[in-house]
Every structure is written in C-alpha cells, then in structure tokens.
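The values are calculated or read from the model by the stated rules, or taken from the named source; none is laboratory data. Treat the numbers as computed from the prediction; the structure is a model and nothing was measured. Every residue, glycine among them, receives a Cβ derived from its backbone with ideal geometry; neighbour counts consider all protein chains shown.
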C-alpha cells in the first residue's frame, strides 16, 4: 500500500454534565487525511484545504503530522517518507472537536499505512498528544469518541481508563455552529478552580442519571440529566443568545441542549431524527434573529469512529 | 387488620464515589416496627428494644413515630390511636442507616395498617422527614434504598428524582462495624464546602464508571470506580486503622472498600459470597489488631427493601 485516506468525525465533548469525561462522535462532518509514501525521508504537509490558511504547514507544529511523527518514533521507524494532505471539513475553534478529528485521522491513516501495528485503543495516547498541540492540554473527550466511536466515558486520566456505553438506537444529535469563534484555551481559562460541594453533588447526580438513562434507553431520564451546574453557567456567557437558543431547542422537542465542547457550537439530543431537525431549525432561527449565521448538522451517534476510506 | 409488623433493612450510603447520590440496602440486619391499633387516640411508643435506652420515647421526637404522625396528618386522619414497638437491630450512629431503617419501617407499617393509601415512591418524602429528625438534614441515600430496595441513584433532590439501576446477581456486600461511634452531624461538619475542579472531574468519572460497571456487570470496572477523592480522605481520619482495613479488604479479594455512610462502619463489595466473607474476616482482624471489636455482616444486595412481616 502506497497511499491511504482516513476519515475522523466531529465530536461533542462534555455532553452537558460530563466535563472532561463524556464525549460522542457524530456521522458528519469529519476531517479527511491522505498520506502518500515517497522515497525521500521525512513527513511533509503538501496541502491543507478548508482552513483558510490558518493551520501551520510545518509538520512538527500541526496536530495531523505531530501524531504521525510520534507514532513513527514510538515504532522506531526512521527514514520513512510521506506527503500529507489534510481536508478540514469543520471550522477551527468551533467546539466540534476540530483538532481532535485531524489528529485522529492522521494517526489512523499512518497506522493503516504501516500495516496496523497498534490497536485503536493503543492509538489513543498519540491522538491525545496531537490534540495537545492545538488546545494546550491533553484531553480524551474529543479524540476518544472520534477514534473509537460511540458514547465514550473517561473514568480516569491517570491511568487512562476509557470505555464506551450502549446508547439507544433512536438517539439523534443536532449540532449548531454559530459563526463566531472561541479559543479553547480562553474557554478553559475562565473556569473557576473550585466548585461548591453542593454543585459537585448535583453534577454527580446528573452524570449518574445520564449514564443510566443512555444504558436503559430512558429518554426522559436522559433529558432530565442534561443539566450542567458547573461549566455551562460560566461558558455560556461567551455565546450570544445562549439561553434563547437552548430554550428554543427544548421547546421544539429536544430532550436537552448545552454547549458542545468549549463552544461556541451548541448541541441538542433528541429522540428520532425528525425532532432533531425541528429543534435544530429553531436553534438556527434564534441565532439568525440576532444576525448570526449558524450551520446545522443532524446525525445519529456515530458508533464506529474513524474509518479508512 | 389491627396490628402490623414491618422490617426495614440497613443500608450503605455514598458507596465510595457517590456522596449523597448512591445507596443500597442489604438483607440483614434491619429494624422491626410493630403497630397495634387502640381505641384511645394518639400515637404512643410503648417499647424500644436494642437502643440501650438512648432513643426518645416521645412520639413527636422519635423518627419512627414522627413519620407516622406526618403520614396521618397528610391523609387528614384524626382520632387515630396506636401503640408502637421498635426493635433496633443495629447500633445507632454506625453508618448503617440506623435512623433511616427505623423511619422506613415506621412509615411502611403505618401505610399498611391504613390499607396502603400511598405507593412506596410516595412514602419517600415522609421517610426523609423522619430521618431529618435524627441526622439534621433530609437525605435520601439511606431511606431510598431501605424503602425501595436495590441500588438507588438520587439524580436530584429538588425536585426529588430517584431511581434504581440493575446490578449483577453475584455482587455481595461486606459491612464491618467497629465498636466506636461517630455522630452523623459531626461527620458532615468536617467536610469542606469547596471541591477542586480537578477532584470534581475525577469523582464524576468514578460515578459514571460505577453506574456503567454495575449495569454492564463489569466487576473490574466496579472495582476501579470505587474511588472517592472528596469525602473519604477527610472522614477516614475519624476511623482508626482505616487504611489498613481497606488494604486488607482489597488484598483479600474485595473489588473495593470505603466508608459506609458517614462511618465508622466500612463496607466492601465483592464478586461472590466467599470473597465477601474472606475480605470481611480480614477487615475484622485489622480492627482486632488494635483492640477494636467489630461486627460483620455479609449479604447480597437487597432488591426488595422494606417488607411486611
């Protein structure tokens, strides 16, 4: 095999109550990475589309190639040469797991090209390292679901303990991205380092409720558990019309609605595709009311994660 | 029907990571309440056994009768007369849900005597009110499982949202009660009102892991998730030999071990009765090593909660 193309999907991290511990992938959009072997050693980026020229072209500074270099180093492979093309199919700094998708697509493509020396689970730390380049800290709530698919729970970061849980078949996600930008580092910076015990208990109750609701296919419980008393009250101030958009989603049939990752994208979960679409149109309209254009993606939960094309 | 006897089991609240949100009942021990109708109006306590004379005999001050008075008032029943006998079968202030068991047995017995006007779920607020008399605040993590049985999750206190989750059949609890006493109010008082965001995230990960582990019958995950970084480090200082006892439980096959409720009782969860017994003996021995007598109870998780005898 001399060339390979890999797809890695966008993801919704946090999922209301699960800051840093929950995430799931959607079907589309997703980034596509092409790798082509070449005789000359070294990993070089030959083209990036869809980023408006904003991502670094230096292979040692771009998440998509950093993961490849780490993987090659780990495997002790020297003198390997390849050209990399990255197709960005989602906006940067959108809360849709953009850098995670690039890192995952990159590491999955390289692993495939090398004959799959590592399992998907084993690729996770490499993908996390790649995302760190972009967001400043190594998290797994975007790379985990983009790599593995499904609804991902990160029980522990040290040691890394990550698993997926069963989810109801008819659960649909609406992802709405208003055309404004939030820097992930800023979104993390505004958070308080201390949480009241009362809010910690409330959040734990909702975490337990969301896991149980998903595993029991109890849509009502899923909806009641999509409550975030810790992060959302702080980060939502960075998103214009947040309250109105959330209210519109729920009034139009969504089970719940919150911030996707560190925003500004917002997501809703609904029972059935029709509800997801109706809720999404209502969310879009609320942004439009104040002159903000917003793109919308409706999708089932992606159970497979990254794929080779 | 002129008289009734009800049994309400001991309970383990918190279950390591789930402060105020998790609890489960065990098969035994449990409190027994007898109510006998009489012609003269008024609820009177005629006998209490097993409390060494420490509980109030005044019906308006004892959890077991307070719940009855609340229930009668709620139902608009006046001129009702009965005599109440309470058999305490567990020590007070033990972390075994002693006051909750009395309150639950009381309200279940009275409801039965009146022809079951309320469902079990509807009795919950009355039982919580009874426990408040004893512990100073209305919690549901003991009364919930004692009343309903099973592994109980309290998603929210306001509004009260409580449900049970499926658990593996072969899960056994070891409850070890060292002969020392901790006042529930004191145990709550020493807790900090603020939690670091880092610890909140770690605790949420374990809450998610424990719910998923129980629902998936993944014993390893149950064990890995029985980690409490918020409450146990503070409250364990009130329990002599805590670290040694916990270490002994796990070294002898338990999945995990922590404080039962506000202590001083400690509990362990194990796969299979044999492991639960071996772990319990090791725990008992560690207390014995420092001259503390400790009682031990090994039991499956009680799936039925309070019963009429």
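A few notes on this one:
- Filter result for residue A:26 (surrounded by 15 or more Cβ atoms within 10 Å (Cβ to Cβ), closer than 30 Å to residue A:200 by Cα and out of contact with any helix residue (DSSP H, G or I) (no Cβ under 6 Å at 6 or more places or on another chain)): yes
- Conditions (1) modelled with pLDDT of 95 or more; (2) away from chain B (no Cβ under 14 Å); number of the one not met by residue A:39: (1)
- The condition of being more than 17 Å from the chain's Cα centre (by Cα) and more than 29 Å from residue A:54 (Cα to Cα) holds for only one of A:169, A:186, A:179, that being A:169.
- All conditions in (1) touching a residue at least 60 places away in the same chain (Cβ under 8 Å); (2) away from every other protein chain (no Cβ under 14 Å) hold for residue B:135, with the sole exception of (1).
- Subset of the stretch A:1-20 (residues that are within 11 Å of the chain's Cα centre (by Cα) and either in a strand (DSSP E or B) or under 10 Å from residue A:83 (Cα atoms) (or both)): A:8, A:9, A:10, A:11, A:12, A:13
- Within the stretch A:154-176, the set of residues being surrounded by 20 or more Cβ atoms within 10 Å (Cβ to Cβ) and away from chain B (no Cβ under 12 Å) comprises A:171, A:172, A:173, A:174, A:175, A:176.
- Once the stretch B:198-212 is narrowed to residues that are at the interface with chain A (Cβ under 7 Å from one of its Cβ atoms) and within 23 Å of the chain's Cα centre (by Cα), the residue that is nearest to residue B:236 (Cα to Cα) is B:203.
- Residue in the stretch A:177-197 that is more than 7 Å from chain B (Cβ to nearest Cβ), at pLDDT 95 or above, closer than 30 Å to residue B:13 by Cα and not in a strand (DSSP E or B) present: no
- Members of the stretch A:43-66 found to be within 21 Å of residue A:111 (Cβ to Cβ) and free of Cβ contacts under 8 Å to residues at least 40 places away in the same chain, listed by number: A:46, A:59, A:60
- Verdict on residue B:27 being away from chain A (no Cβ under 14 Å) and more than 30 Å from residue B:225 (Cβ to Cβ): no
- Flag for residue B:23 being touching a residue at least 24 places away in the same chain (Cβ under 8 Å) and either farther than 25 Å from residue B:174 by Cα or within 13 Å of the chain's Cα centre (by Cα) (or both): yes
- Hey, residue B:141 outside the structural domain of residue B:256 (by TED's automatic domain parsing), in contact with a strand residue (DSSP E or B) (Cβ under 9 Å, 6 or more places away or on another chain) and in a loop (DSSP other than H, G, I, E, B) or not: yes
- Of the residues contained in the stretch A:218-229, one or more are found to be more than 8 Å from chain B (Cβ to nearest Cβ), assigned to a helix (DSSP H, G or I) and in contact with a helix residue (DSSP H, G or I) (Cβ under 7 Å, 6 or more places away or on another chain).
- Residue count for the stretch B:250-309, restricted to those that are outside any loop (DSSP other than H, G, I, E, B) and either free of Cβ contacts under 8 Å to residues at least 40 places away in the same chain or touching a strand residue (DSSP E or B) at 6+ places or on another chain (Cβ under 8 Å) (or both): 37.
- Taken over the stretch A:177-208, the residue count meeting the criterion of being without any contact (Cβ under 8 Å) to a residue 60 or more places away in the chain and either under 17 Å from residue A:18 (Cβ atoms) or surrounded by 19 or more Cβ atoms within 10 Å (Cβ to Cβ) (or both) is 9.
- If you go through the stretch A:49-94 and keep only what is surrounded by 21 or more Cβ atoms within 10 Å (Cβ to Cβ) and either part of a strand (DSSP E or B) or not assigned by TED's automatic domain parsing to the domain that holds residue A:146 (or both), you end up with A:82, A:84, A:86.
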